[in-house]
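Peer 1: Can you read through this structure? Questions will come right after.
No value in this document is a laboratory result; all are computed from the given coordinates. Note that the structure is predicted; figures quoted are calculated from it, not measured. Cβ: placed from backbone, ideal geometry, glycine included. Neighbour counts: every protein chain shown.
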Amino acid sequence: MFNGIIIYFFEKFFSKYYIISNFFIFKLNKKFFNINFGDSVSVDGVCLTLIYKSFFFFEFNYCYGTFLNISLFKKKYFNFEKSINLFNNVNGHLLFGHINNLSFLKKKNFLNIIKLYIFKNLFFKKFFIYKCSISISGLSLTINELIFLKNFIIFSINILSFTYFFTNLKFLKNFDFLNLELDYIVFNIINNIFYFNFK
């Protein structure tokens, strides 16, 4: 489990894609030396498992379905977050690293705030709520504008300069795809409401 507070981003060192086994190798710094085999790490918002490490090189395995259907791993830079310790402060909001879908964005600068306008299909319409938390590429953020159109949802999030320059968001271009994870507390509450209403 994670909280979406990203302070590291790293460049992909090597990747290999097979139908059966897929993996990434990243060159990470010493702040990640205390993670062990089998530990979960959020890589651009996706929960991956560490399967090997040697010196500065860390290898993560993932399934083909994750690569093909949901997550976008063809980027060069990735946000990293170690799993949280529940006995410490929990900042941001609780994340599982289970990506719901991909979205694409349009970026706009306004003073010292970067505003991301994100376009989403209507499939998840009932889970989008004004001022609700959402995870974009592993970052815990807040929906600040919300517009429902005929075929799309347009919502915006505000990124502070600190967050922008200390994550991989600064490499994003207009109409790039993003990993998106809904707030699972809202997700489960709304699902239960719909379930009991139509039961």
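Peer 1: Please work out the Cα center distance from the stretch 33-62 to the stretch 131-161, rounded to the nearest Å.
Peer 2: With the stretch 33-62 and the stretch 131-161 each reduced to a Cα centre, they are spaced 28 Å.
Peer 1: Along the Cα→Cβ direction, 7 angstrom out, place labels at F119 and H98. What is the inter-label distance in nm?
Peer 2: 2.9
Peer 1: If we count other beta carbons within 10 Å of each Cβ, what is the order of C47, C132, fewest first?
Peer 2: Details: C47 21, C132 16.
Sorted ascending by nearby Cβ count, the order is C132, C47.
Peer 1: Past the 20 Å Cα-Cα mark, which pairs from K76/K170; K82/K120; K126/K150? Kindly include the intermediate steps, with their values, before the conclusion.
Peer 2: Working: K76/K170 12 Å; K82/K120 28 Å; K126/K150 14 Å.
Those over the limit are K82/K120.
Peer 1: Measure off 7 Å from each Cα along the Cα-to-Cβ vector at N61 and M1, then give the distance between these two points in nanometres to one decimal.
Peer 2: The two pseudo-label positions are separated by 2.6 nm.
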